[in-house]
Amino acid sequence: MSKINVLCLPSDRSGVGKFRSVEPHIFLQNKYPDDFHVDIDYEPKINDDNYWKQYDIVHFHRQIGKDFLKSPMIIEKLNKMGIVTIMDLDDYWLPGPEHPAHSLVKQEKIDQHIKNNLKVAGHVTTTTSVYADLIKKLNPNVYVLPNSINPDESQFKAETLPSDKLRFGWLGGSSHLKDLELLKGTVNKLSSMKDQFEMYICGFDLRGTVTEINPQTGEKKQRPIKPTETVWARYEEFFTDNYKMIDEDYKKFLMTFQETEYPNANFYHRVWTKPVTSYAKNYSRFDVSLAPIKDNTFNRAKSQLKVIEAGFYKKALIASDVGPYTIDLKHALDNGKFTNGNALLVDKNRNHGDWAKYMKKLIQNPSWAEDLGERLYETVKDTYNLNTVTKTRAELYKTLAK
């Protein structure tokens, strides 16, 4: 049997491209070199039929080409040529009104364009069964290929140094303000224990612009965002109880927004953003990962990547009992007793108190955190290993290419 020729069209060169397109397909060719030949192209020759005819399968994320309006027509043309089209989708097509991208998505009708692509794609891959059920309303040919980890990748092998304090951390991007607001007031409830634990924010980033509109003329001007205007400054307020948990000299240093370590940092640690090839090393800085998300359609459709990453690092996890975090996680407390679960889950109606309650439990019982980390590792180590998911991908592609 001849090789199956696969064309992979990543949407970007950052996180989504790495996890959903580039790395999975490099792994596919390296693991099954006799069965597949893979090309990865960021600039496909859209109008060249001979270019497309080289391939049996075209895998793309969200769209083909840069023009959303033309993408459905290209997909339909490939279908008619007998080429298997596989659209990958990892986020729900319409972020909620609280999401910073909501207005742009609605203005540019990006959600409708994505749905148009979904309707004509031959097949769809996505991250979870929860999201697959939503996609099936538009396209019944949906397959779950979850986000996965290459355990041999160096950024997932960094050593966690010991500490006499329990360290809690959050790692993410700039679109999570409403999610992290669920932690507002949590640190204050634990202030009497401040000498027993520390807090980490990982991914701190000052890049961005602000658009100002002249009320008289309507003229729009863009300027660089001020550090204090960023959502990261708001995150920091949640993690320090408005800086009440640190001394005045440390606060003054933080307000300079220097990308250097404070020599006597205590209780709170600001960790600056890292590239997608090394960001996961931040998990080695703390013992317990925090994963708060609000209960809405967009979040319910998200992947459980935070579960997977924390698990491969053997970190305990406190997470919202919502959507992606209900797939693999089992609550480990029953009437205050530690049971055989693999995480601590916060009910959406208990955000006001249970984040602090569960953090306190782990501060008082640090061995529980270690146990939860080991249990979470056992949960994810095989299912979300890139070798396992690549085997599933290979079987799916062989079936579709027949």
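Nothing in this text is a laboratory measurement; each read-out follows from the coordinates by a stated rule. The shown structure was predicted, so the numbers you read here are calculated from the model rather than taken from an experiment. With ideal geometry, Cβ positions are generated from the backbone for all residues, glycine too; neighbour counts draw on all protein chains shown.
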Quiz prompt | Cβ charges +1 (Lys, Arg) and -1 (Asp, Glu), total dipole of the chain, debye | solution = 740 debye
Quiz prompt | Label-point gap, in nm, between K119 and E248 - each point 7 angstrom along Cα→Cβ | solution = 6.4 nm
Quiz item: In nm, to one decimal, how far is the modelled label at N264 from the one at Q222, with both set 7 Å along Cα→Cβ?
Solution: 4.3 nm
Quiz item: Share of Cα-Cα pairs in the chain beyond 38 Å, in percent?
Solution: 26 percent
Self-check item: Where GluC sites (Glu not before Pro) fall in DSSP loop in segment 141-187, at most 10 other Cβ within 10 Å
Solution: E159
Exercise. For segment 132-171, just list the percent of Cα-Cα distances falling in each 10 Å bin from zero outward, please.
Key: 19, 26, 23, 21, 11, 1
Quiz prompt | Between segment 321-376 and segment 199-270, the alpha-carbon center distance in angstrom | solution = 30 Å
Practice problem: Quickly estimate the mean residue ellipticity at 222 nm for the chain, helices only: each DSSP H run with n ≥ 4 gives -39500 (n - 2.57), and the total goes over all residues, rounded to 500. | Solution: -8500 deg cm²/dmol
Quiz prompt | Estimated inter-spin distance, N30 and Y377, nm [label 7 Å along Cα→Cβ] | solution = 2.3 nm
Quiz item: Going by the alpha-carbon gyration tensor, a ≥ b ≥ c the square roots of its eigenvalues, is segment 1-147 rounded (a/c under 1.5) or, if a/c is not under 1.5, prolate (a/b greater than b/c) versus oblate?
Solution: prolate
Practice problem: Above 17 angstrom, tally the Cα pairs of segment 105-232 and express them as a % of all pairs, no decimals. | Solution: 79 percent
Exercise. Using the Karplus curve 6.51 cos²θ - 1.76 cosθ + 1.60 with θ = phi - 60°, work out ³J(HN,Hα) for each residue of segment 140-151 in order, rounded to whole Hz, and write x for Gly and Pro.
Key: x, 8, 10, 10, 8, 10, x, 4, 8, 10, 8, x
Quiz prompt | Relative contact order (percent, whole number), segment 232-385, Cα cutoff 8 Å, 6+ residue spacing | solution = 21 percent
Quiz prompt | Of K184/K330; K80/K115; K109/K391, pairs whose Cα-Cα distance is over 30 Å | solution = K109/K391
Practice problem: For segment 232-247, take each phi angle, set θ = phi - 60°, evaluate the Karplus expression 6.51 cos²θ - 1.76 cosθ + 1.60, and give the result in whole Hz per residue in order, putting x for glycine and proline. | Solution: 5, 5, 5, 3, 4, 5, 5, 7, 10, 6, 6, 6, 6, 8, 10, 7
Exercise. Report the residues of segment 158-192 in range of a label on D295: point 7 Å along Cα→C-beta, backbone N strictly under 12 Å from it.
Key: none
Quiz item: Can you list the residues of segment 293-317 with backbone N under 13 Å from a point 7 Å past the Cα of V144, pointing along Cα to Cβ?
Solution: 301-305
Exercise. Any chance you could tell me what percent of the C-alpha pair distances in segment 154-380 go past 29 Å?
Key: 27 percent
Exercise. Output the pairs from K70/K294; K302/K402; K314/K361; K381/K402; K136/K381; K251/K274 with a Cα-Cα distance over 25 Å in this structure; if there are none, say none.
Key: K70/K294; K302/K402; K381/K402; K136/K381
